[in-house]
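Undergrad: Before we start, here is the structure in question, set down as structure tokens.
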Amino acid sequence: MKTGYGTYHYDGGELWVEGVPLRTLAERLGTPLYVYSASKIRTQYRNFDRVFAGRSRTVCYAMKANSNLAVLRLLAEEGAGADIVSVGELVRARRAGIPPHRIVFSGVGKTETEIVAAIRAGILMFNVESAEELEAIEAAARRLRRPAPVSLRVNPNVSVDTHHHIATGKAENKFGVPYEKAVELYRYAARKPWLNIVGIQAHIGSQILEVRPYLETAKKLLSLVDRLQSHGIYLHVLDLGGGLGVPYHGEKPPAPADLARRLLPMMKGRNLRLVFEPGRFLVAESGCLLTRVLYRKETAHKNFVVVDAAMNDLARPALYDAYHPVWPVRRSSIRGVATDVVGPVCESGDYLAKGRVLPRPHAGDFLAVLGAGAYGFSMSSQYNSRPRAAEVLVFGSQWWVVRERETLNDLVRGEKIPPALK
Ligand SMILES: Cc1ncc(COP(=O)(O)O)c(C=O)c1O
């Protein structure tokens, strides 16, 4: 059995994160509980950013991965910008201290309210995903009498070996404008005085485990940059999106340095700021979901361990069949048996792990679901009327609750029984 995962490690038979035993957190704060390691987030950010040192660049954290204000503040202090997809994310990013000139706005369905808020905030650029969206941004900018900064999100039709729900750069996906239409749209934008053309963007998918698709994408975008120049349109930003993978189950994703080594020579002599939008890479390995064993259930077919965390807390296994390491908080020398770790939600898809060889736990034992820092809490819901978990940020041997556990009152906040039913 492995003894470490990022900043999570066994010591004296107990699982620790940095200088804090996970048992202490589970006992003091209850479960389910999300725990994040500040030093892991910092290290990931620095590893990404430093390989592009010497070039003008902005690392815009894709905050949909984990939008807790404390996580955002930590990254803001490191110099990160943000990739946002809603006005809600804009508000969070600004509250966490991320400067507007480091914010890019992605997404196929930006509303007028969101467009106006982002123009007023003074963001770096909209990554525009359709001709109609470009018109809507132009109309809003004209009304506000403030030029709107735009880049086109181009669909490069590049294939990526990942789960089909998180591949976004093929022609059949809903994202971006078709490659062949891009020049025409840029020429349209160039004629509009209230549109300020900034750059070009592509985001081809998530949990990408090779450098090749990034290079293919960069090549295609740079060829568009050159074609645009011949029309007198000069771009200042090349945004290659996010997507760099992490090891959940022995995968060997490329390091940012591998990407930089191959990409930077392509950028030589070009006066383009590089923008990246990593989400998962920065936060996935920092986080775990702590859960308590409720019951064991052994049938003729299977061993189940029922825990107090469920698909509403961590949707990734149910959504994408995603693998997360599940480790006992107290290490055991008992031989493991194949076990499904399932939650209390009334769906067969409600599981956290399947067929995992785990020492048979007892009710009250704690398990840590690792690699849960990205698309964990941020995708959680109250399904089955389950209050959302608390979140904790660990710094060395110190820790802070960075989001309180929801209460039963939070579940019904805003709901009303109409007079007709009284
Ligand atoms: C436009 C855009 N940028 C960046 C990301 C971040 O992807 P990842 O977390 O895989 O880095 C996403 C994820 O969905 C995205 O849609």
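The values are calculated or read from the model by the stated rules, or taken from the named source; none is laboratory data. As the structure is a computational prediction, the values presented were derived from the model and not from experiment. Don't worry about glycine lacking a Cβ; one is built from the backbone with ideal geometry, like all the others, and counts go over all protein chains shown.
Undergrad: Pull out all pairs, ordered by first then second residue, where Cβ-Cβ is under 9 Å, the residues are six or more apart or on different chains, the first lies in segment 200-223 and is touching a residue at least 60 places away in the same chain (Cβ under 8 Å), and the second is surrounded by fewer than 18 Cβ atoms within 10 Å (Cβ to Cβ) and of a type in the set (Asp, Glu).
TA: That search, which allows pairs on different chains as well, returns 207/251.
Undergrad: Quick check, is residue 184 within 16 Å of the ligand (Cβ to nearest atom) and either outside any helix (DSSP H, G or I) or loosely packed, with under 15 Cβ neighbours inside 10 Å (or both)? Can you show your working first?
TA: On the way: within 16 Å of the ligand (Cβ to nearest atom): no; either outside any helix (DSSP H, G or I) or loosely packed, with under 15 Cβ neighbours inside 10 Å (or both): yes.
The answer is no for residue 184.
Undergrad: Inspect all residues belonging to segment 135-150 and state whether any of them is modelled with pLDDT under 95, more than 16 Å from the ligand (Cβ to nearest atom), more than 24 Å from residue 61 (Cβ to Cβ) and not polar (S, T, N, Q).
TA: Here is the first cut: in segment 135-150, the ones modelled with pLDDT under 95 are none.
Within segment 135-150, not a single residue is modelled with pLDDT under 95, more than 16 Å from the ligand (Cβ to nearest atom), more than 24 Å from residue 61 (Cβ to Cβ) and not polar (S, T, N, Q).
Undergrad: Kindly provide the set of residues from segment 389-410 that are not in a loop (DSSP other than H, G, I, E, B) and not aliphatic (A, V, I, L, M), ordered by number. Even if it seems obvious, please write down each step before you answer.
TA: The first filter runs over segment 389-410 and keeps only residues not in a loop (DSSP other than H, G, I, E, B), leaving 390-395, 398-403, 408-410.
If the condition is that a residue be not in a loop (DSSP other than H, G, I, E, B) and not aliphatic (A, V, I, L, M), then 391, 395, 398, 399, 400, 403, 409, 410 are the ones that fit.
Undergrad: Just give me the residues in segment 339-366 being under 12 Å from residue 307 (Cβ atoms), loosely packed, with under 14 Cβ neighbours inside 10 Å and aliphatic (A, V, I, L, M), in sequence order.
TA: 363
Undergrad: Could you tell me which of the residues 386, 413 is free of Cβ contacts under 8 Å to residues at least 12 places away in the same chain, farther than 26 Å from residue 41 by Cα and not in a helix (DSSP H, G or I)?
TA: Working: 386 fails: free of Cβ contacts under 8 Å to residues at least 12 places away in the same chain.
Answer to the selection: 413.
Undergrad: Hey, can you tell me all the residues within segment 187-201 that are more than 16 Å from the ligand (Cβ to nearest atom), in contact with a strand residue (DSSP E or B) (Cβ under 6 Å, 6 or more places away or on another chain) and not aliphatic (A, V, I, L, M)?
TA: Within segment 187-201, 196 is the sole residue that qualifies.
Undergrad: Being of a type outside the set (Phe, Trp, Tyr), at pLDDT 95 or above and within 13 Å of the ligand (Cβ to nearest atom) narrows it down to one of 65, 70, so name that one. Explain how you work it out, then say what you get.
TA: Numbers: 70 fails: within 13 Å of the ligand (Cβ to nearest atom).
Just one listed residue meets the conditions, 65.
Undergrad: To continue, here is another question. Suppose we filter segment 265-320 for residues that are away from the ligand (no atom under 16 Å from the Cβ) and not aliphatic (A, V, I, L, M); how many remain?
TA: From segment 265-320, those away from the ligand (no atom under 16 Å from the Cβ) are 265-273, 288-313, 317-318; that's our starting set.
Now drop any that are not not aliphatic (A, V, I, L, M), which leaves 265, 268-271, 273, 288, 291-292, 295-299, 301-304, 308, 312-313, 317.
Qualifying residue count, segment 265-320: 22.
Undergrad: Please verify whether segment 305-312 includes one or more residues that are farther than 25 Å from residue 391 by Cβ and not β-branched (Val, Ile, Thr).
TA: First pass over segment 305-312, keeping only residues farther than 25 Å from residue 391 by Cβ: none.
Taking every residue of segment 305-312 in turn, none turns out to be farther than 25 Å from residue 391 by Cβ and not β-branched (Val, Ile, Thr).
Undergrad: Residues of segment 248-264 being within 14 Å of the ligand (Cβ to nearest atom) and either surrounded by fewer than 17 Cβ atoms within 10 Å (Cβ to Cβ) or in contact (Cβ under 8 Å) with a residue 60 or more places away in the chain (or both), which ones? I'd like the intermediate steps shown before the answer.
TA: From segment 248-264, those within 14 Å of the ligand (Cβ to nearest atom) are 248, 251, 253-254, 256, 259; that's our starting set.
Passing the criteria: 248, 251, 256, 259.
Undergrad: Looking at residue 71, is it among the β-branched types (Val, Ile, Thr), closer than 14 Å to residue 96 by Cβ, touching a residue at least 24 places away in the same chain (Cβ under 8 Å) and crowded, with 22+ Cβ neighbours inside 10 Å? Full working, then the answer.
TA: Details: among the β-branched types (Val, Ile, Thr): yes; closer than 14 Å to residue 96 by Cβ: yes; touching a residue at least 24 places away in the same chain (Cβ under 8 Å): yes; crowded, with 22+ Cβ neighbours inside 10 Å: yes.
Yes; evaluated as a whole, the condition is true for this residue.
Undergrad: Another one. Which one is nearest to residue 144 (Cα to Cα), of the residues in segment 202-218 that are touching a helix residue (DSSP H, G or I) at 6+ places or on another chain (Cβ under 8 Å) and within 11 Å of the ligand (Cβ to nearest atom)? Quick ask: steps written out before the conclusion?
TA: From segment 202-218, those touching a helix residue (DSSP H, G or I) at 6+ places or on another chain (Cβ under 8 Å) are 202, 204-208, 211, 214-215, 218; that's our starting set.
If we keep only those that are within 11 Å of the ligand (Cβ to nearest atom) too, we end up with 202, 204-208.
Details: 202: 28, 204: 33, 205: 34, 206: 36, 207: 39, 208: 40 Å.
Ranking the qualifying residues of segment 202-218, first place goes to 202.
Undergrad: Kindly provide the set of residues from segment 405-422 that are exposed (fewer than 12 other Cβ atoms within 10 Å of the Cβ) and under 23 Å from residue 307 (Cα atoms), ordered by number.
TA: Matches in segment 405-422: 407, 408.
To keep it simple, each residue is scored yes or no on (1) more than 20 Å from residue 106 (Cα to Cα); (2) assigned by TED's automatic domain parsing to the domain that holds residue 372; (3) at pLDDT 95 or above; (4) not in a strand (DSSP E or B).
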site: 157; (1), (2), (3), (4): no, no, no, yes
site: 161; (1), (2), (3), (4): yes, no, no, yes
site: 180; (1), (2), (3), (4): yes, no, no, yes
site: 223; (1), (2), (3), (4): yes, no, yes, yes
site: 227; (1), (2), (3), (4): yes, no, yes, yes
site: 235; (1), (2), (3), (4): no, no, yes, yes
site: 251; (1), (2), (3), (4): yes, no, yes, yes
site: 254; (1), (2), (3), (4): yes, no, yes, yes
